[in-house]
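Following: one structure in structure tokens, then a few remarks.
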């Protein structure tokens with residue numbers, strides 16, 4: 001193993017060779033997962049872990065940085081795919097109960113993790129930060145399973161709604177908790193006075209601008225898509241529009257997921273069914289490749305050596321987040337009078353957590369580094385805990401999503417799964 005790692009460190013391997021190799025390896029390892037009735041995404045992540053710095057070191061940190069744009073592209077298309085499932089007529093059909101459910105699962109995850117970590121550590125700023133990260137989900141894992149098995153039904157529609165709107169709500173919760181935690185640290189400039197702007201207005205401004213950019217790109221795209229006569233021109237038009245939308249989100253430090261999700265929502269609610277179906281059909285042809293590359297890179301980013309550092313705080317975070325999301329989804333669906341299937345299985349379908357949470361923990365690590373020893377301790381602890389638990393959630397999340405969809409009767413497990421492999 002060390003010899004392989006040393007070879008890739010000392011030799012310059014062309015990036016095209018790496019991308020081609022991981023695509024082929026991911027494809028066939030993903031297919032083998034069907035022999036054990038597991039989602040292909042699990043195989044993609046296993047390839048990433050094996051090729052990443054944790055083991056063979058083929059996908060070094062430098063390589064991952066160079067290929068980071070692939071992750072952004074994949075997330076952009078995942079977000080658009082979610083948005084294309086969120087028609088206003090469908091949301092109206094789901095009713096206010098879905099709004100209640102989204103708020104319930106996010107807020108309960110925040111409350112449970114914050115309370116549990118505080119009872120364990122008696123460190124309120126640390127508890128608030130970990131609580132603020134808890135609602136963040138990884139929509140790519142859920143969407144990959146739904147699309148792989150062509151799931152259809154009320155639970156599938158509910159999953160699209162929840163993972164879609166989680167991003168916006170998560171920004172508000174994290175913004176609030178991070179600002180409050182910063183204010184509670186001794187020696188912080190904010191310790192003497194809480195800034196309403198920092199706590200509420202800044203996250204709301206980010207959400208508002210993300211929505212504005214998504215709408216601004218979707219309107220001309222919709223006009224152009226309607227005028228196109230050839231189906232083969234839909235893909236380059238969509239590809240360019242999604243990248244422009246995602247690039248503007250990065251330029252102005254907005255939510256990439258929310259921006260492109262709004263882009264998809266505007267399209268699905270403003271175009272004729274024929275146009276929408278053309279866009280969806282073209283996207284469905286490209287998503288498998290993006291999923292392979294995205295999850296291989298996600299797996300490479302998860303350092304299995306961080307698991308021993310999980311510790312008691314990590315275990316409490318893992319259990320608290322799971323209990324909060326599952327319990328909140330159940331209570332929200334119960335209060336919102338959603339169906340029994342949604343109450344039972346929605347929670348286990350939204351446990352995946354990866355890139356967004358790790359990104360938030362990196363923000364904490366950077367922002368709190370200058371706030372003294374306590375700030376540095378919080379930053380390093382949050383980074384370690386979230387990285388380690390994201391490995392667990394990233395692996396079990398898609399599995400549980402598939403189980404929930406199966407029990408809901410929205411995917412069929414047949415002999416075709418194994419024959420396809």
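The values are calculated or read from the model by the stated rules, or taken from the named source; none is laboratory data. Please read all numbers here as calculations on a predicted model, not as lab measurements. Note: ideal-geometry Cβ built from the backbone for every residue, glycine included; neighbour counts use all protein chains shown.
Kindly evaluate residue 129 against the criterion of being more than 24 Å from residue 343 (Cβ to Cβ) and out of contact with any strand residue (DSSP E or B) (no Cβ under 8 Å at 6 or more places or on another chain).
Judged against the criteria, residue 129 is a match.
Would you mind finding the one in 98, 15 that is under 20 Å from residue 349 (Cβ atoms) and either in contact with a helix residue (DSSP H, G or I) (Cβ under 7 Å, 6 or more places away or on another chain) or at pLDDT 90 or above (or both)?
98
Looking only at segment 71-82, count how many residues are crowded, with 20+ Cβ neighbours inside 10 Å and modelled with pLDDT of 85 or more.
5
Please specify each residue of segment 34-44 satisfying the condition of being over 18 Å from residue 300 (Cβ atoms) and touching a residue at least 60 places away in the same chain (Cβ under 8 Å).
Matches in segment 34-44: 34, 35, 37, 38, 39.
Mind checking which residues of segment 35-70 are in a helix (DSSP H, G or I) and buried (at least 20 other Cβ atoms within 10 Å of the Cβ)?
40, 41, 42, 43, 44, 45, 46, 47, 48, 49, 51, 63
Yes/no matrix, rows are residues, columns are (1) part of a helix (DSSP H, G or I); (2) on the phi < 0 side of the Ramachandran plot; (3) at pLDDT below 90:
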| site | (1), (2), (3) |
| --- | --- |
| 213 | yes, yes, no |
| 226 | yes, yes, yes |
| 240 | yes, yes, no |
| 244 | yes, yes, no |
| 247 | yes, yes, no |
| 253 | no, no, yes |
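Does residue 109 qualify as being in a helix (DSSP H, G or I) and closer than 22 Å to residue 331 by Cβ?
yes
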